[in-house]
1. Consider Gly55 against the criteria (1) surrounded by fewer than 18 Cβ atoms within 10 Å (Cβ to Cβ); (2) closer than 21 Å to Leu520 by Cβ; (3) in contact (Cβ under 8 Å) with a residue 60 or more places away in the chain: it satisfies all of them except one. Which criterion is unmet?
2. Out of Ile141, Ile85, I need the residue that is in contact with a Pro (Cβ under 7 Å, 6 or more places away or on another chain) and of a type outside the set (S, T, N, Q). Which one?
3. So which strands (runs of 3 or more DSSP E) stay within the stretch 518-581 end to end and still have 2 or more residues that are within 30 Å of Gly65 (Cβ to Cβ)?
4. Has the stretch 211-229 got any residue that is crowded, with 16+ Cβ neighbours inside 10 Å, modelled with pLDDT of 95 or more, charged (D, E, K, R) and over 30 Å from Ala381 (Cβ atoms)?
5. Among residues belonging to the stretch 536-583 that are among the aliphatic types (A, V, I, L, M) and surrounded by fewer than 16 Cβ atoms within 10 Å (Cβ to Cβ), point out the one that is farthest from the chain's Cα centre (by Cα).
6. Condition first: open to solvent by 20 Å² or more (accessible area, probe 1.4 Å), in a helix (DSSP H, G or I) and either out of contact with any His (no Cβ under 7 Å at 6 or more places or on another chain) or under 21 Å from Ala151 (Cβ atoms) (or both). Can you find one or more residues in the stretch 487-501 that meet it?
7. So which of Leu328, Leu356 is at pLDDT 95 or above, surrounded by 24 or more Cβ atoms within 10 Å (Cβ to Cβ) and touching a Ser or Thr at 6+ places or on another chain (Cβ under 8 Å)?
8. List every residue pair whose Cβ atoms lie under 8 Å apart, where the two residues are 6 or more positions apart in sequence or sit on different chains, the first residue falls within the stretch 372-397 and is over 21 Å from Val340 (Cβ atoms) and part of a helix (DSSP H, G or I), and the second residue, located anywhere, is at pLDDT below 95 and charged (D, E, K, R).
Amino acid sequence: MGPASVSIPSILTSSPVKERSWISALVAGWLAQAALRVILGFQHAVPLLIPDESGYLLAARLLSGGAASDLSWRTFYQGGYPLLIAPAYWLSDDPATVYRLVIVINAMVGAGLLVLAYLALRRMGLPKGKAYVLAHVTALIPSAVYYSQFALTDAVLPVIVLGWLLLLHTWLDGGGRSYAVAASATVAFAYSTHARGLILLGVHACLLALVAALRGRTARRDLWPAAAVAAAGAGLGWALNTWVRHQIYPSGVAPLGDWLTTRLTSWDGLAWTLSVATGQVWHAIVATWGLAGVGLVALAALVLRRDAPSADRLVAGATVAAVAGVALATAAALPSEGTVANLAYGRYLACLTPVLLAVGLTVLTRARRAVALRAVLAAAALTLVTMAIVRLHAGERLTRDFFGVFDFPEISFLTWNWGSLDLGLATLTAVLALTLAALVRATAPRGTGPAVIAAACVAAECAIAGVTVAKVSAPWGDVLSFATDLTPAGLRPQDRVGISYEGLHWRIWVSHAVQVPTRLVPVDLRRPEGLPPDVTLVVVPWQAGTPSQSTWPAAPKGWWPVISNQNHAGNWVAWRRPPSPAT
């Protein structure tokens, strides 16, 4: 079977797994995948990727029945993912424990990628043993493992997206209306989870309309319930997000829609959008050693192949449309922040990359050797073209702009460069790795090539996971824990914390908002008489070179600084109210 005839997955295999041993293997594999994610992420006790993690954690606290907060004029973080992690707040009041419980929830959901990938690969025609091994390769994809370490929707969104595609294909392949309804419910939840879900919902709606046009009356009995569930689910998601927005962003949110409109209605904006979207595709391909490129090429070829089954072509088209739509929409809405991640970023397509990887693995290990070689050549060419576009657009900004290693863990591993993005070396490494895989496939004895490729992928993925923790997650965790931790101030559950927003870096107070059980209280340092009587701790900015005791000249009598912190994000001092006579 060539790349143009690779079938897209279904939630059920054509021959459902009945043997108890295979069910046990899937359960054991899920447990192993979950355990790995917990081990890698359990060392963290505070959010690292700010303000994203804080936004989701504060929404989860709100949805669990806890206090609201105020993140006005920051990016809006939607309520779908916080619904999943809200139970962590029912089990503990300690912020560090809550964070670790979120990591466990991420691991349990994220490990489900193994089961879905297995079903996907079986649907593509792979035998059980090979599908099981390659499902582990897919589930261990670096982006999925990396983002499971943080309180981010990216930890669960790949599972949601693959589940949606599986359900869609099952319905289109004759599985019945219940699968269409389930696919609609799944994509509606994706819509409530992240702005990328709006693109997926749009693709879903277009697919339903296309099926209605192609299949006519016979499909309408399935389409009406599916459309109704999609609309109702989207309405519920909109209501949830509207409520969360009013509670946590009472003064408004960052106007990302303005960027989107400007970029899509000007020549300069369109050039930015196309080049940044291309950078996202480049990242997805290079971060998977070219295999996602093979999958993308195969899916595009399948869409154009008229003799392929309609279900395969439709879902392949939906996948390609989702890749293009997510890349373009997020590129258009992305603020220009002077970072290298503005030029080539992998996080937004990470929800679709496992699908591309699974298809690429299938083509490389199952297609005829000549067909696999053509797919590899096309993917290599696509990698080089996307690199050239990124280079042309970025120019000196690749070395001049801020490089955040936490945005490029897989790429940094490929080049062993943790301080800058080496675009050329990363591209060359990925192309060479893909070429080597193709040579192994072409020259290895029959049946051994796929095993060698799978073993090499698993070894590389485990190495990336371990090195990324050592080089990125752990060091940044230590730095940010020091920079933002209020524990040394003797923080107590009954404390009410005030913040002097003027002059204080936003990263500090956004991090403090997660540690404090109630809403932060704005404080005007020049008017101590206006300080609410229940405020017991006040965080103020600290200008370098001045004593910490001078950071609040108008402090009420008896207040004293209990912690002084100088760090990369900004200096701050916490002042505490004197104990009352009763205590």
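1. The number of the failed condition is (1).
2. Going through Ile141, Ile85 in turn, just one is in contact with a Pro (Cβ under 7 Å, 6 or more places away or on another chain) and of a type outside the set (S, T, N, Q): Ile141.
3. Numbers: elements: 537-541, 560-565, 572-576.
Where strands (runs of 3 or more DSSP E) fall fully within the stretch 518-581 and carry at least 2 residues being within 30 Å of Gly65 (Cβ to Cβ), they are 537-541, 572-576.
4. no
5. Kept after step one, since they are among the aliphatic types (A, V, I, L, M), are these residues of the stretch 536-583: 537-540, 544, 554-555, 562-563, 569, 573-574, 582.
The next check asks that each one be surrounded by fewer than 16 Cβ atoms within 10 Å (Cβ to Cβ); those that pass are 544, 554, 582.
Details: Ala544: 37, Ala554: 45, Ala582: 50 Å.
Among those that are among the aliphatic types (A, V, I, L, M) and surrounded by fewer than 16 Cβ atoms within 10 Å (Cβ to Cβ), it is Ala582.
6. Start the filter on the stretch 487-501 by keeping residues that are open to solvent by 20 Å² or more (accessible area, probe 1.4 Å), which leaves 487-488, 490-494, 496, 501.
Retained after the next criterion (residues that are in a helix (DSSP H, G or I)): 487-488.
Okay, now just the ones that are also either out of contact with any His (no Cβ under 7 Å at 6 or more places or on another chain) or under 21 Å from Ala151 (Cβ atoms) (or both), so 487-488.
Scanning the stretch 487-501, I find at least one residue that is open to solvent by 20 Å² or more (accessible area, probe 1.4 Å), in a helix (DSSP H, G or I) and either out of contact with any His (no Cβ under 7 Å at 6 or more places or on another chain) or under 21 Å from Ala151 (Cβ atoms) (or both), so the answer is yes.
7. Working: Leu328 fails: surrounded by 24 or more Cβ atoms within 10 Å (Cβ to Cβ).
It is Leu356.
8. Ala372/Arg441
The values are calculated or read from the model by the stated rules, or taken from the named source; none is laboratory data. Only a predicted model underlies this, so the values are computations on that prediction, with no experimental measurement involved. Note: ideal-geometry Cβ built from the backbone for every residue, glycine included; neighbour counts use all protein chains shown. What goes into the accessible areas is simple: the full protein's heavy atoms, side chains included, and nothing from ligands, DNA or RNA. Shrake-Rupley method; radii C 1.70, N 1.55, O 1.52, S 1.80 Å.
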